[in-house]
Structures are given as structure tokens and as C-alpha cells.
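In what follows, a structure is listed as C-alpha cells, so that the remarks can point back to it.
The values are calculated or read from the model by the stated rules, or taken from the named source; none is laboratory data. In this text, all values refer to a predicted model and were calculated from it rather than measured experimentally. Glycine gets a Cβ as well: all are built from the backbone with ideal geometry, and neighbour counts include every protein chain shown. Each accessible area value is taken on the protein alone, full model and side chains, heavy atoms only, with ligands, DNA and RNA left out. Shrake-Rupley method; radii C 1.70, N 1.55, O 1.52, S 1.80 Å.
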Amino acid sequence: MGLSIASSKNFNEEKAHKLYITLECMLEFEKKEEKEKVLALMRRFSSATSYAYKRLLEGIADKEIEKRVAEKHKLNARYVKDAVLIAKQVLKSCIQRGQNPKKLVFGSRELFEKLKKKHLTGKRREKLRQEWEEKRYGFLYSRGDKSKEGNLNLRLVNLDNQWHLRINLGNGEYVWAKVVRSAKRERDRWMDFVWDLTQAERTGNWFAYTVRLKLKNGKIYAQISKEEKFPEITITKESGVIGIDINAYPFHLALAYTSRDGNLEKYERISLNGLLDGNTDKREYLSWQIAHQVVEIAKSEGKAIVVENLEKIPKGRRGDGMPKLRQKLQKWTYKGLLEKIEIVCKRNGVQFIKVNPAYTSIIGKLKYSPMLGIDKDVAGAYVIARRGLGFEEKLPKNYRELLKDKEFLAYAIAKVDERINGLKSGLKKETNEYKKNALKERIRRLRRLLKLLLSYTRDSGKSEPSTQQAVNREMKPMRGRAKSLQKSWRVLSVALAVLLATTCLEWCPGHSPLKRVLISGDWVRVAGGVSPSLPGQGTAASNCSSIQFG
């Protein structure tokens, strides 16, 4: 685990319940010695942060840490408090991510590990060393304070119609650095920020802004953050919503336009392939463009936006046998894109709703994909939209009957077991290590699904109280009826995937087999008339190796 304390995303202590806009500019110094003084201050502050972090791990009280930091690093009281604050934010971030705080490396562990390799020499090693030292020691932070003309230690000052950053060196001495930043486009927020600064300077009605200095390629940059003020929300779910789901294959947004009474009006897709190409800056720019496009649609339709409240997207791991998928997911900016959509919604008075993501995709592909003749991605977006409107998705009658059908569940169990045995035979013959890893992962996954089916079959034969207790053990975070319903959807998803695999059919819009089951409950005919008591029959299943159950 590594960390660059110059990253503004990790240390915005106010972002939990507020939204802030961050703007970056470069600093120019008239004299080289002035820049050197600022660099020395940045090194002391960075070292103070690292020192405070270690003391926090030792369990020392904040006040005592502040006292020691002041004595050791010769910083003023405000810088000392900010250094301790940053250290606390780092520690909190580590704990939230489930990482070991004692293994943290300030300045990026990745760069640190590369520097440890002895084969790196010459210019390449020197470049890496400079990059690591800049991230480790090139950082300075000062919290905003409305009562201190916006910021006490790092304050923006207008000198002869040119904005400068007044840097408090902490010893009664100041350095003024010229702010180099021009508007990059017509709607650049820098123009609004400068206007607000000018008005504050004229009226004395200041606002707080936080400043971070970071060192990159020998140059000092300032990142300035201030709280955004948003207009009143005027477009709400009372006129309907647009449910949004992001999908990997193909990489796109699915939008489901839904009326207030929960009916699907229309749908569309927005390609995200551009986010997989180019550098980080290009992807960031395209993400903002897509966010504006989505919100403009919401404004024109007069509908609120609903998305899933996802904290983390699994991006695979080395050795899982799926390198191409892993490479694609590593560039998948799901959370960043949704955050941008949320910001643009707030700026335009559009209601932004987050919902529980549990089983939205499963419900969409089992219920609405065959019912409405839409693909599973749009169906998932539709479920998200309905959930944002407050609707609960109940199991259709014939699906409920299927879950009571012991022969249907026995058939699904036999087919999963048969598939596991087939993969195990293939694993013994496979010599390619990566393909073997992929087969092992599929076997593990199928075993988990088999365990789920067996558990549900056992519980369904018990009395209601015992069944509910078993459900509670299966899904501890949920309670009661909602928990039982979610488990039912999950079991149904596995069993029906087995059924479709038997007929060699993929999930697709309006395909007749699943629609037949939904309408008539005739699963035996869909399975090709195979007797559930003879799971070895029906060889079609053995030819459908591409289908992944669940």
C-alpha cells in the first residue's frame, strides 16, 4: 500500500456531506531563493505529516502530537494542526479500505518498490527517484478560514491586477508567488472563482478556500478548493425518472426513461468506449462531457436521475485467467463518472437519487427483459429507475411456483454438478497455466452456486420459522421479508441460467424460452423435455461451455 499525500482526492475532510470545486494553477517565483524557501517549507510539512501519522499509530493524543510536531519541525500552529489533520485522514482512509496502516509508504509504494530493484540505473532510476521524492516531500496544505480572509497561511492576494499566492513561511516571513492560470474554455470555473475573490476583496465578505501545494517535475502547483453553492432542485422524481446503469460488454450507459407510475416510456444507450482510450486527462474530459450530456437529457425530459449506490467495483486480480477483462476494468471509471453526473445535476437543479444495488441486474434480466422484450442492460436500468420511485419488485407467480417445484430445483442441482465434473476433467487435461486459473475460478464459482441451491432446497422443506432462520444466516445485513425475497431472486437466477444453458441460449431481448417460463411456467418444455430425474440426459448442456451460470 502506498500513498501520495499530494493527492487532493484522499484528503478533503469536508467532502463527506458537501461538494467542493477544485481548481489548479501553477506558481511562478521572482527569485530562485524564494522558491527554495517554499520547497524547504513543503519538505518540513510533508515530514511533519509522516511523523504525526506514526505517532497516531502509537496511540498518542492529538494535543501531544501537535506539541511534538511544533518542536521537531518548526511550523506555526495552523500548519501543525493541518499536518495532524492530514495524518488522521490518511489513517482513516487506510482503515476504511481494509488495509494495514502500518504498511503505508508515503510517496507511493509502487514507486518505492521499483526503486528497490537493482537493475534500474542511470536516467531511468533518477527520474523515478525524483518522482517518488516529489510525492513524498513535495506537499503543503492549509485549511480555508472565512475569518482569515479565506486562508491564513496560503492566501490569494491581488497585486497590481495580478493574483499572487502569499505563502506564510511560518517564521514571520512571507513569499509572494505569481498565479499562472488562464481560462481554458468558455465555461471555465476559474473565471467564476476569480470573480468571487474580487467581490470578496471589495466587500470584505470573504469565503473559505483550502489550498494545497504540490511539486511535480520541479514545478510548484496550487490546488484551490471551495464549497460550491447550488441552485434549488426544480426537477424531481414527481415527473418521472431516468434510471442509469453502466455495463462493461459493450461498454456503455443504459438509460431507462420511466414515468411516475413506474412504466417504461423509452430507452437509449450512450457509448463509453472513449473512456478506454487516451491518457487520464482525456478520459477525465470525456467523463465530464458525458455527465453534461446525461444531465441535459434529464433537463429536456424533466426527470430526476437514479443510479446505483456502489462503493467499489471488482476489477479482477492477477492470475484469474482473464487479463483482457482485467485490463478493461482497470480503466473503468464507474464511480468517478457517477460523481460527475451528481455534481452536474446539483449545478442544474436536477434531483439525483442513489438506490440499493442489490439484485437490480438479476431482476432486470429475469423479469423485465423477457416481459418487455428489452436487453438485460436496459432492464437493469429500468429496475434501478423503479427502485428510485419506491417500487418493490415481487416475484411473478410462475417464478414463485418454480421455486416450490422440487423437480425443477433437483434438475438445476444435477446440471450444476454435471458442469463442475466436466470442468474438472478439462482442468486435468489443460496445460496452459492461465487457462487453468480461469477453469479453477469457474469451478469455485459453480461450487458456491451449488451450495446455494442445496441450501435453498433443504430450507424449503422446513417449517417457516426454520426457513427464515436459515435465510438470516445466509444474508446477515438484511432482515425479514426483503432478505428472503432477495435470496429467492438469487436462487431463481442460478436455476434459470442452468435451464437456458441446457437449451444453448444466451440472455437476449425477448427470447422465447424464458418468456415461456415466465408466462406459463413450462420449464420442462424449455429444457427440451428432459426428465429431471435423469440429469445425464440432454447433452446440449455439455456443449454450452461459454455460458456462465448465475
Practice item. Only residues that are surrounded by fewer than 15 Cβ atoms within 10 Å (Cβ to Cβ) and over 26 Å from residue 100 (Cβ atoms): list them for the stretch 42-80, please. Key: 63, 67, 71, 74, 77
Practice item. Could you please let me know if residue 136 is modelled with pLDDT of 85 or more and touching a Phe, Trp or Tyr at 6+ places or on another chain (Cβ under 7 Å)? Key: no
Review point. Are there any pairs with C-beta distances below 8 angstrom linking a residue in the stretch 47-61 that is of a type in the set (Phe, Trp, Tyr) to a residue that is open to solvent by 40 Å² or more (accessible area, probe 1.4 Å), with the two at least 6 apart or on different chains, and if so which?
Key: 51/68; 51/72
Revision key, fill the gap. Quick count over the stretch 240-256, residues being of a type in the set (Val, Ile, Thr) and modelled with pLDDT under 90, is 1
Check your understanding: Which members of the stretch 121-167 meet the condition of being crowded, with 18+ Cβ neighbours inside 10 Å and basic (Lys, Arg)?
Key -> 135, 136, 143, 155
**Study point:** Set 451, 440, 436: member being at negative phi, at pLDDT 85 or above, open to solvent by less than 60 Å² (accessible area, probe 1.4 Å) and out of contact with any Ser or Thr (no Cβ under 6 Å at 6 or more places or on another chain)
**Key:** 436
Review point. Just for the stretch 196-229: of the residues that are part of a helix (DSSP H, G or I) and among the acidic types (Asp, Glu), which one is least open to solvent (accessible area, probe 1.4 Å)?
Key: 196
Check your understanding: For residue 301, are the conditions met, namely being modelled with pLDDT of 95 or more and open to solvent by 50 Å² or more (accessible area, probe 1.4 Å)?
Key -> yes
Point to revise | Search result, residues across the stretch 370-402 that are closer than 14 Å to residue 358 by Cβ and either at pLDDT below 90 or open to solvent by 10 Å² or more (accessible area, probe 1.4 Å) (or both) | key: 386, 387, 392, 393
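Here's a check for you: in the stretch 128-163, which residue that is in a helix (DSSP H, G or I), more than 31 Å from the chain's Cα centre (by Cα) and charged (D, E, K, R) is farthest from residue 193 (Cα to Cα)?
The residue in question is 148.
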